[in-house]
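The block underneath contains the structure these notes are about, expressed in structure tokens.
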Amino acid sequence: MTYLFNDPADFATDAVRGLALSHPDHIAVVHGGVVRPTATPKGQPALVIGGGSGHYPAFAGWVGPGMGHGAPCGNIFASPSASQVYSVARNAENGGGVVLGFGNYAGDVLHFGAAAEKLRAEGIDVRIIKVSDDIVSNTPENHRDRRGIAGDLPVFKIAGAAIEAGAGLDEAQRIALKANDATRSFGVAFDGCTLPGAPEALFHVADGQMGVGLGIHGEPGVRDEPIGSADEIAALLVEGVLAEQPERAADGYQGRAAVIVNGLGTVKYEELFVVYAKVAELLEAAGITPVRPEVGEFITSLDMAGLSLTLVFLDEELEQHWLAPVDTPAFHRGAMPAVERPRRETFWEAGADETPESTEESREVATAIAGVLDLFEAVCVREEAELGRIDAIAGDGDHGQGMAYGTKGAAAAAKSALADGAGARTLLVRAGEAWSESAGGTSGALWGGALIAAASTFADDAGSSPRTIVEAVDAGIDAVLRLGGATEGDKTMVDAAIPFRAALADAFTGDNASAAILSAAGVARSAADATADITASLGRARVLGDKSLGTPDPGAISFSILMTELGRHLA
């Protein structure tokens, strides 16, 4: 369990603040994460690496010379919001463009992608690197569509070293992609991890069993097997990774590999050394020379009991950057060149948005919308444990927490907007941005985007009608479809949202918004319950195959619950 925390909702922020205070020469806190306290050299690409909290030393522990220039830090196991990524990137960038690096998860793809679009609109060149090293999460021919686990370390280390050596943006992107394509990881888990304040782990592995093919967000393995000895587990991991070893002399590979044995939080160093002894023996037998092996905790999952093996099949170029010096709070190697690195005096900060003028009619609508968001917050707090339980069966268990955090942030932003005299449109935009930032993850991006899209149907200088409400709901669903890219049958929120929208269109007569929404919500709930019979094909549950059978999709369930409560509230 997690023993030390204050308010669980503030755990990630508190941890980042403490990390920065304990490493003032390496990192400084900015909105959304951390950056180097020294200025990025003019024209040097800024490597911005990030993801959810709960994985220390990834990602904030890797900021420093020879590696990252900044790290946006999301909530526990949830991607940072687009505004957090944008803020960190603006603080790190200094005329050389930005490389955004993250593990290949839906929420990170959405939020980092949205931040990249905003940066590009301002004339900043941005490249995206999605780490995808986990061999169990897709087929070899679809390597770049796999999820990222401990391979984040070598990919970001190699990219950071290339930048430190003078690589420009194009070259940094090329080398990072090359490192990702050469990296393979495979892991096992013996028990799940516990979110701060939670009474129970996200999952458990039966006594005498191990979950094979774990994730780093509390996901269980893709299958269970009897637990073996350290040597047997080492053999399982080595065999799995070497199944994708490239041919010798192919693209310069000569049988040399970076090797990482990574503990996930509970399996300690001596145990990892026992495993590595066998790994080294097996690699030698296979004719592979380990190059500067690393054994320890590099990408954790809070207190998960498990470990993983990562190999990077090196050529001369990748080996040079793997061996290069690096100096970060949690990862050191060699001595950095004596280069002057002046400390910064100021950091970029977002300015306060001015509140557009509004009419009394629009402010009345805004007050009603704020009431709906208060209701959503109360409902998500009520349903948090159950949504987390459902999500933990074939996901990462954070959906309930994410919905609670997101609605709390949205409701607070709505109250603040009312105090500023905001109209309906401005209030919804600010609430959507806050939902996205407070929740992070896929659900944060989708619900935040939905509220912002819904805002387009309202105005700051006019009232609303029952048709406006229905059009707002319709616009929000359009945004979910556009941003998430899911279709019916993928086992996502969309499986409830599409039937809901169709039923709403049939039931709405022009003045019966509450009755039509409530009727459509019943259809949505039936559709959400029916997702129990679907095998997931998108999101983290996709990796776990049939494990999601028999359990409905938590996103579809939460959507149907909120639409039911909305219909009742309007009535």
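Which order do 533, 460 take by accessible area at a 1.4 Å probe, largest first?
533, 460
For segment 372-531, take every pair of Cα atoms, bin their distances at 10 Å starting from 0, and report each bin as a whole percent.
Going out from 0 Å in 10 Å bins, segment 372-531 shows 12, 36, 41, 11, 1 percent.
Using square roots of five times the C-alpha gyration tensor eigenvalues, list the equivalent-ellipsoid semi-axes of segment 288-441 in whole Å, biggest first.
With the √(5λ) rule applied to segment 288-441, the semi-axes are 46, 26, 11 Å.
At 1.4 Å probe size, with the rest of the protein present, what percent of the exposed accessible area of the chain is carbon and sulfur atoms?
52 percent
Could you tell me what fraction of 2.2 N^0.38 Å the Cα radius of gyration of segment 54-104 comes to, as a two-decimal ratio?
For segment 54-104, the normalised Cα radius of gyration comes out at 1.11.
What whole number of Å gives the distance from the Cα centroid of segment 98-122 to the Cα centroid of segment 219-250?
The distance from the Cα centre of segment 219-250 to that of segment 98-122 comes to 32 Å.
Just the number please: accessible area per residue for the chain, 1.4 Å probe, all protein chains included, in Å².
On a per-residue basis, 38 Å².
Over segment 306-387, one equal point on each Cα, no solvent: what is log10 I(q)/I(0) by the Debye formula at q = 0.15, 0.16, 0.17, 0.21 Å⁻¹?
Taken in order of the listed q values, log10 I(q)/I(0) reads -0.85, -0.89, -0.95, -1.16.
Taking the DSSP beta bridges in the chain as the whole, what percent of them are antiparallel, to the nearest 5?
Bridges in the chain that DSSP calls antiparallel: roughly 60 percent.
Tell me the mean residue ellipticity at 222 nm calculated for the chain from its helices only (DSSP H runs of n ≥ 4, each -39500 (n - 2.57), averaged over every residue, nearest 500).
-15000 deg cm²/dmol
If you take every residue apart from residue 273 with its C-beta less than 14 Å away from the C-beta of residue 273, what net charge results, scoring Lys and Arg +1 and Asp and Glu -1?
Neighbourhood net charge equals -4.
What distance in nm lies between label points placed 7 Å from Cα along the C-beta direction at residue 285 and residue 239?
Here the modelled spin labels are 1.1 nm apart.
Run through all the Cα pairs of segment 42-153 and give the fraction in each 5 Å bin from 0, expressed as whole percent.
2, 13, 24, 25, 18, 11, 5, 1, 0
Measure of size requested: the Rg and Dmax of the chain, with Cα atoms as the atom set and Å as the unit; please supply both.
Rg, Dmax (Cα atoms, Å): 24.0, 78.
Expressed as cubic angstrom per residue, what is the convex hull volume of the alpha carbon set of segment 185-339?
Residue-normalised Cα hull volume stands at 127 Å³.
In this model, which of 178/268; 268/408; 415/491; 130/408; 130/268; 42/157 are farther than 27 Å apart at the alpha-carbon?
Going by Cα-Cα distance, 178/268; 268/408; 415/491; 130/408; 130/268 fall outside the 27 Å limit.
Among 159-166, 29-36, 74-81, 289-296, how do they line up by average Cβ neighbours within 10 Å per residue, starting with the highest?
Listed from highest to lowest mean packing, they are 74-81, 29-36, 159-166, 289-296.
Using Cα pairs closer than 8 Å and at least 6 residues apart in sequence, work out the relative contact order for the chain, in percent.
Relative contact order of the chain: 13 percent.
The values are calculated or read from the model by the stated rules, or taken from the named source; none is laboratory data. Predicted, not measured: the structure shown is a model, and the values here were computed from it. Ideal geometry is used to build each Cβ from the backbone, glycine not excepted, and the neighbour counts take in all protein chains shown. To get the accessible areas, we keep the full protein, side chains included, count just its heavy atoms, and leave off ligands, DNA and RNA. Shrake-Rupley method; radii C 1.70, N 1.55, O 1.52, S 1.80 Å.
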